[in-house]
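These notes are about the structure you will find just below.
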Amino acid sequence: MPLFLGLDSSTQSLSAIVIEVKSSGSSGEISREIVHELSLNFDREFPGYGTKSGVLPHEDPAVVHSSPVLWAEALDTIFGRLREAGVPLDRIDAISGAGQQHGSVYLREGALEALARLDPERPLAPQVEPLLSRSTSPIWMDSSTSSQCEAITAALGGAQELAELTGSRAFERFTGPQIRKFHETDPAAYGETARIHLVSSFLASLLLGGDAAIDPGDGSGMNLLDLAEGNWSPAALEATAPGLGEKLPEVKPSSTVLGTVSEYFVQRHGLSKSTAVVAWTGDNPSSLIGLGLVEPGHVAISLGTSDTLFGYMPEMRVDEGGEGHVFGAPTGDFMSLICFLNGSLAREEVRDRHGLDWAAFDRALEATPPGNGGGVLLPWFAPEITPSVSEPGPRYHGLGPEETEREVRAVVEAQAASMALHSRWMGVETKKILATGGASANRRILQVLADVFGAEVRPSEVPQTSALGAALRAWHAWSLDQGREVPWPRIVAGQGSGSTGEVIRPRPELAPLYGRFLELYRACEAHALEGGPDPEALREAFTKA
Ligand code: ADP
Ligand code: XUL
C-alpha cells in the first residue's frame, strides 16, 4: 500500500507524519491512516545553535533570524529517527513538506550543483554551511524592514495596488522587503548570492539535490508574486532589488512532482531511488489541506508559535483594510489569512512570569469569570503584526501584571477578541472553527475561542496539520503524476468535519457579554494605536453590566 511522508519545518520544530493509503479492491473505497508521527524540537535536540524558541538571540528585538544549517541538520536527523523507529523508508512513494512562511535562504554560485554531489558518508549540515552566502535566515518574526516596505510600496504605486498584485500590502516579514534590506545593507553578499530560496523550497532543494521550484502558496508571502498570474511580477522584482529575477527559482503549481530524491538520501537513509519529491509549500497553506479546507465553508485557527486564522477562498479578494493576506491555496485556488505574532510565545510569557505550568494556567482560566470583570490586556509582548504595533509592551486596563489568574484569562480573551475583530474583512461564516497547532491541545483555550466567536470549535485529529497536509499533498501530486488523480475532496475525506468527534460549543448565555467585550477591546486598541478616546468609561459600564 502506498506510503507518503509529510514534513513541516516550523519555527520551533521539524515534524514528520507518514500516511498509508489503502484501497479496498472491490468497492474502490480509499482510506488513509497515519502510521507514524515524529517531532524534533530545535532548542532541545540541537542546542549547539543557541536558539531560543527556534530563533537566534539578537540585541535588536526587531531583528529575528534562524539558522538554515540547523534546518538541514534537523532534516538529516529526522530520516535517521524515522528509520530507527521502524518506518520502511524504502517504501515511501512521495515526500512533500511545509515550511514556516516568509523566511529566506541565500545560496552561493555553484551551491545547487554541490547539492547534487553531497557525500552520503558525511552529515548534511557541514556540507550545506559553505554553500550559504548569508549565514543566517531572516524569518517571519522579523520586523526590521519598515523603510524597505515604504520604498517598495511607493515604487509600485501604493499599498492597495501592491495588495491587488501580490495579495498583500508590504509587510516587514515578507521576503521581498527582507531581500531589499539585505541588498541595501550588504550589497557584496547580495552580489555573491546566486539563488534565494524560501524555507520550504530550500528544504525541498536539499531532498532533490537541486533547485526546487517555489509554489504559489508560499510564493505569495513574498510581495513578489503576481498572484492572479501565478508568476513573478517583473514590476515587483524591480521594486525590490537589482537582478532579483535571476536569483529566484521558478514558480510551479503546488501539485508538481519536482523529481526524485537525491543519491544522498538514497544512500544515507535508504530511500528508494524512485521516491518522488513534491513541491513544498508554506505551513499555513499546508494546514489548509491538513484540515480539509478545499471548498468554501469553515475557517481554521492555528495556535502555533504564531496564531493564524485562515480559510479557503475561491476567488482572489484582498483586504481593503490592509491587515489580511491572500495566499495561493495548494489546490490552485486561494486562501485568506491573518497572522498574530503574539501567539504561543505570549501565552508562555504569562505562564512563565507567574511560574505556572499548563495545568495551573488552565486552573487560572477556570477560576476567573468570562469578561474578566472588565480587565483588558493588549498582549503585545513582542512587536505585533495584527494590528501593526512596532513599539512592543503589554497595555493593561483594569488589571495589573501582578494578578496571576486574571492575567492568564486576559491574554487568552485578548487573543480571541483580536482574532474575531480583525477577521471581519474575510466575510466568511464563523459558525464552525477548526482548531489546530500545539496550543489546540488546550481545551480551555478553545472554550474561550468558542465563547468569544459564538462558534463551535472542532479540534483537529492531530495538532500537526501542516505535516499531515504535506503528506496528503504528496499523495495528491503523486496520483496526478501517475495519471490517476485522486480528487481533493477524496484526499481530505474525514478531515475537518471534526475527526476527533469532539465539539467545543459556545455557551449562548455568554453571547451578550462577549458582544460588549469585543466593543471594549476594540476601544482599548483604538486608544492605544489610533489616538481614540480613553476607554475607561466604557470599561466601567462593562464592569457594572
Ligand atoms: P510551531 O508549529 O509554530 O513550531 P506548534 O504548533 O508545534 O508550533 O505549537 C507549539 C506551541 O504549543 C508551544 O510553543 C506551546 O506554547 C504550545 N502548547 C503546547 N501545549 C500546550 C498547552 N497544553 N496549552 C497551551 N499551549 C500549549
Ligand atoms: C504567516 C506567518 C506565520 C508563519 C509561522 O503569514 O507569518 O504563521 O508561517 O510559521
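When both segment 165-211 and segment 327-379 are represented by their alpha-carbon centers, they are found 30 Å apart. Taking all C-alpha pairs of segment 219-373, those more than 27 Å from each other amount to 46 percent.
With Rh defined as the Kirkwood radius, the inverse of the mean 1/r over Cα pairs, the Rg/Rh of segment 21-72 is 1.39.
Take every Cα-Cα pair in segment 1-98 and report what % of them are more than 21 Å apart. It works out to 43 percent of all Cα pairs. Here the extension length gained between ALA367 and GLU429 equals 19.2 nm, from 0.36 nm per residue of separation less the Cα-Cα distance. Taking each residue as 0.36 nm, the span from GLU315 to ASP43 lengthens on full extension beyond its C-alpha to C-alpha distance by 93.9 nm.
If R0 equals 22 Å, the separation of the Cβ atoms of MET1 and ALA441 corresponds to a calculated FRET efficiency of about 0.15. Centroid-to-centroid, using Cα positions, segment 399-427 and segment 447-485 are 26 Å apart. Taken along the Cα-to-beta-carbon direction at a fixed 7 Å, the label points for GLU192 and GLN267 span 2.8 nm.
According to the Kirkwood relation over distinct C-alpha pairs, the hydrodynamic radius of segment 116-158 is 13.9 Å. For segment 432-484, state the average projected area of the convex hull of the C-alpha atoms over all orientations, rounded to one decimal in nm². Computing the convex hull of the Cα atoms and averaging its projections yields 4.3 nm².
In the chain, the longest principal axis of the Cα atoms and the axis of helix 511-529 are about 80 degrees apart. Taking 26 Å as the straight-line reach from the Cα of LYS52, the lysines in range (excluding those fewer than 8 positions away in the same chain) are LYS181. In terms of packing, defined here as the mean over residues of other Cβ atoms within 10 angstrom, the peptides 528-537, 287-296, 505-514, 216-225 line up highest first as 216-225, 287-296, 505-514, 528-537.
Taking each pair of distinct Cα atoms in the chain once, what is the resulting Kirkwood hydrodynamic radius in Å? If you can, show how the numbers build up before the last one.
Details: mean 1/r = 0.0424 Å⁻¹.
Its Kirkwood hydrodynamic radius stands at 23.6 Å.
By the equivalent-ellipsoid construction on the alpha carbon gyration tensor, segment 328-439 comes out with semi-axes of 27, 16, 14 Å, ordered largest to smallest.
Calculated on the alpha-carbon coordinates, the convex hull of segment 431-545 measures out at 137 cubic angstrom per residue. Sorting the segments 28-41, 330-343, 460-473, 73-86 by their residues' average number of neighbouring beta-carbon atoms within 10 angstrom, most packed first, yields 460-473, 330-343, 73-86, 28-41.
The ellipsoid equivalent to the alpha-carbon distribution of segment 234-308 has semi-axes of 27, 25, 13 angstrom, derived from the gyration tensor eigenvalues as √(5λ) and listed largest first.
Here segment 125-283 is treated as an ellipsoid with the same Cα gyration tensor; its semi-axes, largest first and in whole Å, are 29, 18, 12. In segment 62-180, the alpha-carbon atoms span a convex hull of 144 Å³ per residue.
For every helix of n ≥ 4 consecutive DSSP H residues, a contribution of -39,500 (n - 2.57) applies; sum these over the chain, divide by its total residues, and give [θ] at 222 nm rounded to the nearest 500 deg cm²/dmol. All intermediate terms of the calculation are to be shown ahead of the outcome.
Working: 22 runs with 204 residues, N = 545.
Taking each H run of at least 4 residues, the total per residue is -10500 deg cm²/dmol.
With the convex hull drawn around the C-alpha atoms of segment 324-373, the volume per residue stands at 145 Å³. The alpha carbons of segment 395-452 stretch over 38, 26, 17 Å along the principal axes, in descending order.
Summarising the label geometry, the points placed 7 Å from Cα in the beta-carbon direction at ARG395 and SER146 lie 1.5 nm from one another.
Read the figures in this text as sums done on the coordinates, not as results from a lab. The structure presented is a predicted model; accordingly, all values stated were derived computationally and were not measured. We place every Cβ from the backbone using ideal geometry, glycine too, and count neighbours over all the protein chains shown.
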